[in-house]
Structures are given as structure tokens and as C-alpha cells.
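K.L.:
If you scroll down you'll find the structure; I have some questions about it.
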Amino acid sequence: MTYIFDEHLSPYIASLLKQLGADVSHLFDKFGSGAQDEDFLPKIGQSGDVLVTYDNAMRRYTGKHGHGAILHAYKVKVLFLPKSFQTHPSGIPASTYPSVSWAQCVWMLRYWHEVDRNVSQIKRLFLVRITDRGKVEIIEGI
């Protein structure tokens, strides 16, 4: 099972974890830059890989970013990272604050091993939320 980090996460974080032995790839490496959700989500579901994102809107069935129907139809396994990944500790959105990648990198180095261990113990993984302290909470199982 490979974890595929989506476009919201830095490819450098995926690369660092991969260099440390984690079975991780980035969406850009696997599907190229600009890949559309509708194209890569079914492929991730069919391969049995796990998408890693902080885009909670993806679970919705409606709206611009809602892909709940695709997630269910293709049984796409998804890890939703903590909301803290979306903002710098000061509250500034991640997309406008470059040092947020440092905070994300520190979090990943601190908790990834535990996240991976806990996720690997879930028999019927589907939609899972990861807490700020790396704990796994099942949102929905298959």
C-alpha cells in the first residue's frame, strides 16, 4: 500500500519520507502536474493505494471539490490530515505562508511512523481522519 500525497502537500515532504523508507509518493510523480481529481481518484482506488490530503471538502457529494460519489464508487482510501495543515500556527492560510511547509515537515517526521502503523492495522480502511497528535479516527469503513 503506497500513500499518495495530493497537490495540497509539498512534494518535498513526500520525498523526505520516501528517503527515510516510507512507501510514499506524490501525486505529481504518479499522475503529473495538473491531474484532475476525476481522473486520478479512480486509479488510486483501483490500485489500493491511499490518498493523503487535508482537503476535507473532498468527502462532499456536491460542490466544486465534492467527490464523495467517486470515493465511494471506486473505494478510494483517504487519510484526511489535521486542519492544522491548512494554516500556519498564526492562522494565516498555508497557501500564503511559505514556512507552513516547515511546520508540516516537522509534524510528518514526528508522527508519520505512528500514523502508518495505526493505518496498517485497520482491516477495512476507507475514510480516516488523523488528529493533530497523529491518532487515527475512522470516519467511514468499507
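Quick grid of which residues meet (1) under 13 Å from the mean Cα position of the chain (by Cα); (2) of a type in the set (Val, Ile, Thr):
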site: Met1; (1), (2): no, no
site: Val24; (1), (2): yes, yes
site: Asp29; (1), (2): no, no
site: Gly34; (1), (2): no, no
site: Arg59; (1), (2): yes, no
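K.L.:
I need the full set of residues from the stretch 43-70 which are at pLDDT 90 or above, surrounded by 16 or more Cβ atoms within 10 Å (Cβ to Cβ) and out of contact with any helix residue (DSSP H, G or I) (no Cβ under 6 Å at 6 or more places or on another chain), in order please.
P.N.:
If we filter the stretch 43-70 for residues that are at pLDDT 90 or above, which is where we start, we get 43-53.
Narrowing the set further to residues that are surrounded by 16 or more Cβ atoms within 10 Å (Cβ to Cβ) leaves 44-45, 49-53.
Residues satisfying the conditions are Ile44, Gly45, Asp49, Val50, Val52, Thr53.
K.L.:
Scan the stretch 80-89 and give yes if some residue there is under 27 Å from Glu38 (Cβ atoms), modelled with pLDDT under 80, in a helix (DSSP H, G or I) and among the aromatic types (Phe, Trp, Tyr), otherwise no.
P.N.:
yes
K.L.:
Got a number for residues in the stretch 90-123 being modelled with pLDDT under 60 and among the hydrophobic types (A, V, I, L, M, F, W, C)? Steps first, answer last, please.
P.N.:
Initial filter on the stretch 90-123 (modelled with pLDDT under 60): 90-100.
Those still in the list that are among the hydrophobic types (A, V, I, L, M, F, W, C) too: 92, 94, 100.
Summing the residues that are modelled with pLDDT under 60 and among the hydrophobic types (A, V, I, L, M, F, W, C) in the stretch 90-123 gives 3.
K.L.:
Would you pick out the residues in the stretch 19-45 that are assigned to a helix (DSSP H, G or I) and of a type in the set (Asp, Glu)? Give the steps one after another, and end with the answer.
P.N.:
So in the stretch 19-45, the residues assigned to a helix (DSSP H, G or I) come out as 19, 27-31, 37-45.
Once the filter is applied, which keeps residues that are assigned to a helix (DSSP H, G or I) and of a type in the set (Asp, Glu), the stretch 19-45 yields Asp29, Asp37, Glu38, Asp39.
The values are calculated or read from the model by the stated rules, or taken from the named source; none is laboratory data. Model, not experiment: these values are computed from the prediction. Don't worry about glycine lacking a Cβ; one is built from the backbone with ideal geometry, like all the others, and counts go over all protein chains shown.
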